[in-house]
């Protein structure tokens, strides 16, 4: 993994989270992001390295230049690195974090009800290279 890559840890059992990874891949032509499920050995190792519980499932985790971001900040920082028009969502970083995170947590609370797991999705070999572990 090159130092310029950012790592997205996601809930591999959540349909919304898997869909989000697919969305990031489609809108990341520079291939900045690498991925690992939170439940994977790699994900759990990275969680522990950054002082999270190995059972952490509350939000995606963005690891970028040795910094960790969660909740809405992670999502918006990811958006800033995607192709146009998604970087425009950076404007939401001006909204107080407690408001952004409240909305994020509300969606996260309902994600298993609203989004069915995507059990059959298997990335192509080219896309699979972007996963630290699948």
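Since every read-out is calculated from the coordinates, none of them should be taken as a lab result. What you see is a predicted model; the values in this text were computed from it and never measured. Cβ atoms come from the backbone with ideal geometry, glycine included; neighbour counts cover every protein chain shown.
Take every Cα pair under 8 Å in the chain that's 6+ residues apart, average their separations, divide by the length, and report that relative contact order as a whole percent. Don't skip to the answer; put the middle values down first.
Numbers: 186 pairs, mean separation 43.3, N = 134.
Computed over the chain, the figure is 32 percent.
Sum -39500 (n - 2.57) across every DSSP H segment of at least 4 residues in the chain, then divide by the residue count to get the 222 nm mean residue ellipticity, nearest 500.
On the way: 5 runs with 54 residues, N = 134.
Only helices count here, giving -12000 deg cm²/dmol.
Please build a GNM for the chain, connecting alpha carbons under 10 Å apart, and tell me which residue among 95, 21, 61 fluctuates the most.
Maximum among the listed residues: 95.
Over every pair of different alpha-carbon atoms in region 8-57, take the mean of 1/r and invert it; report that Kirkwood radius in Å. Mind showing how you got there, number by number?
Values: mean 1/r = 0.0884 Å⁻¹.
The answer is 11.3 Å.
Count the DSSP beta bridges whose two residues both fall in the chain, then state the antiparallel fraction as a percent rounded to the nearest 5. Don't jump to the answer; show the numbers that get you there.
Values: 7 of 13 bridges.
Roughly 55 percent of the beta bridges in the chain run antiparallel, per DSSP.
If you average over every viewing direction, what projected area does the convex hull of the Cα atoms of region 6-128 give, in nm²? Don't jump to the answer; show the numbers that get you there.
On the way: hull surface 31.0 nm².
For region 6-128, averaging the hull's shadow over all directions gives 7.8 nm².
Given the C-alpha centroids of region 1-46 and region 47-126, what is the distance between them in whole angstrom?
After rounding, the separation between the Cα centres reads 10 Å.
Going highest first, how would you order 123-131, 62-70 by mean Cβ packing within 10 Å?
Details: 123-131: 12.3, 62-70: 15.4.
Order by mean packing, descending: 62-70, 123-131.
Test of understanding: what is the full-extension gain from residue 80 to residue 49, defined as 0.36 nm times their sequence separation minus their Cα-Cα distance? Mind dumping the intermediate values first?
On the way: separation 31, 0.36 × 31 = 11.16 nm, distance 2.51 nm.
Computed gain between residue 80 and residue 49 is 8.6 nm.
Output the peptides 27-35, 47-55 sorted from most to least packed, where packing is the average of other Cβ atoms within 10 Å over each peptide's residues.
On the way: 27-35: 16.3, 47-55: 12.8.
Highest mean packing first, the order is 27-35, 47-55.
For the chain, modelled as a Gaussian network with Cα springs under 10 Å, which listed residue fluctuates most, 87, 96, 37?
It is 96.
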